[in-house]
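First the structure, in the form of structure tokens, and then the observations on it.
A short reminder: the numbers here are calculations on the coordinates, not readings from a lab. In this text the structure is predicted, and so the values were computed from the model without any measurement. Backbone-built Cβ (ideal geometry, glycine too); neighbour counts: all protein chains shown.
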Amino acid sequence: MSTIGRNGRDGTTLAALRAAEVRVGYGERAVLDGLELDIAPGTVTAVVGPNGSGKSTLLKTLARLLRPDAGAVFLDGAEIASLPTAAVARRLAVLPQGPTAPGGLTVGELVEQGRYPHAGPLRMLRMQDHEAIRTALALTDMTTYAARPLDGLSGGERQRAWIALALAQDTPTLLLDEPTTFLDIGHQLEVLDLIRRLNRERGLTIVLVLHDLNQAARYAERLVVLDRGRVVADGAPQDVLTTALLAEVFGVRARILADPESGAPLCLPYAVVGRD
Amino acid sequence: MEGRVITRATGRAAGPTTGFALLPRSAGARRFPAFLAGVGALVIALAALHIGLGTVRIVPGEVAAALLGRAADPVHRQIVWELRLPRTLIALVAGAMLGLAGALLQAITRNPLASPSLTGVSAGGVLAVVAWLSFAPAGLAAAGVLPLLALAGGLTTITLVYALSWQGGSDPTRLALSGILVGAICSAITLILLVLDAQRIGSVLRWIIGSVNGRVWVHWEILWPWALAALPLGLLSAGAANALGLGDATAAGLGQRPERARAALLFVAALLTAGAVAVVGAIGFIGLIGPHLARRLVGDDARRAFPLSAVVAAAILLAADVVAQALTLEFPFGDATRRAGLPVGALTALLGAPFFLYLMLREER
Ligand SMILES: Nc1ncnc2c1ncn2[C@@H]1O[C@H](COP(=O)(O)OP(=O)(O)OP(=O)(O)O)[C@@H](O)[C@H]1O
Ligand SMILES: [Mg+2]
């Protein structure tokens, strides 16, 4: 990846992903309207916001799963809608919220699908495909589950299998919609540690939707707060997480401390104040 | 935590040393070659038995001799070559086509109860045949036209079904629903036509029920080109079906165009169904039971489930027709009453309906 390719014409760093004036919705109703977002390469960004605020819609739009009615999404500077979808899938992997698969499929077979955009027309697996699958299973601690059917797994094990699927795609950019749902606290931290490791060791660009604000503050360098389809705050966690924002967006009264472990802000909500 | 880190380290270390350390395979993957070979052998045995059955019964040894041109009785040789071999080949290939079509449809609709009759293709094909028999001038009702009509009817129906289910995008459930709807309407029109013109019932019945009786080389000539084109297409779409099975969002994330893939796979399933229905009529339940049993044996991965569905369905159709032929009875056949085997479609429906019920009850749980 050349430095020239990374830089825009005006000399600024080219965003790995950029949403420009995006308007998306389902049917008539626009969920996101005129949304602007730049994701710098090699960063971890957490998208937070109340239920129904448009987080999944934003992620699906960034992953070209939803086509904007207006505006455009750019992947490494190229308009994503103009790129061949298989080429996009080799550069960007997405874990949708609440995915489903035939229950008789095994973990190994599911993760193998991650090689879909890489494989040839006959879909035969080559050496590097097996390697990527093995690595994805090992990273999510699912190697021993490879031969197990999905319908015989716990919710958390299944979630890890889906994360492994996205990892097997072996892309420089990863979009994850609530990757920690169904996971116990140990596996939540493990997935978040894995995300941090993928970012630091392999330079992956990661955008993830999280509901736990404290985890978001600790693991992401940037928080994007969505409310009713608009970005209401965006920046470093300590700048974004304020008592005013928590009251405004989430309708809770909270105390904010500094995490003695990491220095990240720590919210302690103690009352519901409701929202207008 | 420590333990997990070690697992990861060894997991990665195993790679370079063994070079190609394969993951533990699922039970389905391990069993697949044995099942494919086993059911394949069963198909061959059933085929040998099937050739021998009919108005004139020929023992398997004599069948083999006749096939090799060394039959003691020249009449046997003629029967085997002229009448029985094409009938058996047609049963085998039509069964495989219906089985593969069912497997494709179950994958597309993500519904284990889907089957070729669900898409309306069978009913549409039958309607085209019946309409032709009712309205075409008597002189034009040549037997060779009927299969082509069934094909045209089937493909028209699937286009209609797809168009009806389209609402700014296709959706597996809507697709299944509009298939059932269009199929029901086609069947109703067929029945009305039959009631209006009752004397045709005899010649039309075997299309509606489905039968391989009286199928000879002319019919094989119609079937094999379709089979040769559609069976490989169906088997090759297993990879796409696997991706599509993960839901539209995941499939699109993997670089597939779900809408396009669904339409393409649906078309392949329709080709398979229409080709089979064109020659043997609307034999039911084969395309439901075959794929279901196959997935039970080797799991949901389409690369295994698809070929096994084809082979299992071929075996079921042959076995059903072996039974049907053994139950020879008086059967209204055209203008005359002839001794002929029970139409196999009646038997598959008889056995298939309870199986369907059993499936539904199982799914309910
Ligand atoms: N397929 C759809 N059809 C119609 N409306 C939808 C659809 N998906 C989402 N919406 C609506 O769009 C809005 C945003 O939904 P979205 O899924 O993006 O929210 P979210 O922030 O991800 O919520 P959650 O935290 O509950 O996952 C909601 O009002 C929702 O009702
Ligand atoms: Mg969501």
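Annotations for the structure displayed:
- Whether region B:27-69 is rounded, prolate or oblate, judged on the alpha carbon gyration tensor where a/c under 1.5 counts as rounded: prolate
- Close amide H pairs (under 5 Å, H built 1.01 Å from N) link A:Leu176 with A:Leu95, A:Val207, A:Leu208, A:Val209, residues at least 5 positions away or on another chain.
- Positive-end residue of A:Gln238, B:Ala107, A:Phe182, charge dipole of the protein assembly as shown with Cβ unit charges: B:Ala107
- Taking 0.36 nm per residue of sequence separation and removing the Cα-Cα distance, the B:Phe135/B:Leu236 pair yields an extension gain of 32.4 nm.
- Normalised contact order of chain A, rounded percent, pairs of Cα under 8 Å and 6 or more residues apart: 21
- Note on A:Asp259 and B:Trp166: their simple-model spin labels are 5.1 nm apart, each label 7 Å out from Cα toward Cβ.
- Over chain A: Kirkwood hydrodynamic radius from C-alpha pairwise inverse distances, Å: 19.6
- Averaging 1/r over each pair of different alpha-carbon atoms in region B:158-254 and inverting the result gives 17.2 Å, the Kirkwood hydrodynamic radius.
- Whole-Hz ³J(HN,Hα) from phi, Karplus 6.51 cos²θ - 1.76 cosθ + 1.60, for region A:142-151, glycine and proline x: 10, 3, 6, 9, 3, 8, 8, x, 4, 6
- Relative contact order computed over region A:119-276 (Cα-Cα under 8 Å; 6+ residues apart), in percent: 13
- Separation in nanometres of the label points that stand 7 Å from Cα toward Cβ, at A:Glu221 and A:Glu21: 3.0
- Relative exposure of A:Thr140, B:Thr159, A:Thr205, judged by other C-beta atoms within 10 Å (fewest first): B:Thr159, A:Thr205, A:Thr140
- Across region B:316-326, rounded Karplus estimates of 3J(HN,Hα) from the backbone phi angles (6.51 cos²θ - 1.76 cosθ + 1.60, θ = phi - 60°) give 5, 5, 4, 4, 4, 6, 4, 5, 4, 5, 5 Hz, Gly and Pro being marked x.
- Full extension of the chain between A:Glu248 and A:Ala87 gives 53.9 nm of extra length, using 0.36 nm per residue less the Cα-Cα distance.
- Relative contact order %, chain B, counting alpha carbon pairs below 8 Å whose residues are six or more apart: 27
- Using only alpha-carbon positions in region A:107-169, the gyration tensor eigenvalues give semi-axes of 20, 11, 9 Å once each is multiplied by 5 and square-rooted (largest first).
- About the centre of its Cα atoms, chain A shows a dipole size close to 420 debye [charges on the beta carbon of Lys, Arg (+1) and Asp, Glu (-1) only; nearest 20 debye].
- Approximating the spin labels as points 7 Å out from Cα along Cα→Cβ, the A:Arg228-to-B:Glu82 distance works out to 8.5 nm.
- Overall form of the protein assembly as shown per C-alpha gyration tensor (a/c, 1.5; a/b vs b/c): prolate
- 3J(HN,Hα) along region A:226-237, derived from phi through the Karplus expression 6.51 cos²θ - 1.76 cosθ + 1.60 where θ = phi - 60°, amounts to 9, 9, 6, x, 10, 7, 9, 7, 7, x, 5, x Hz, with x in place of Gly and Pro.
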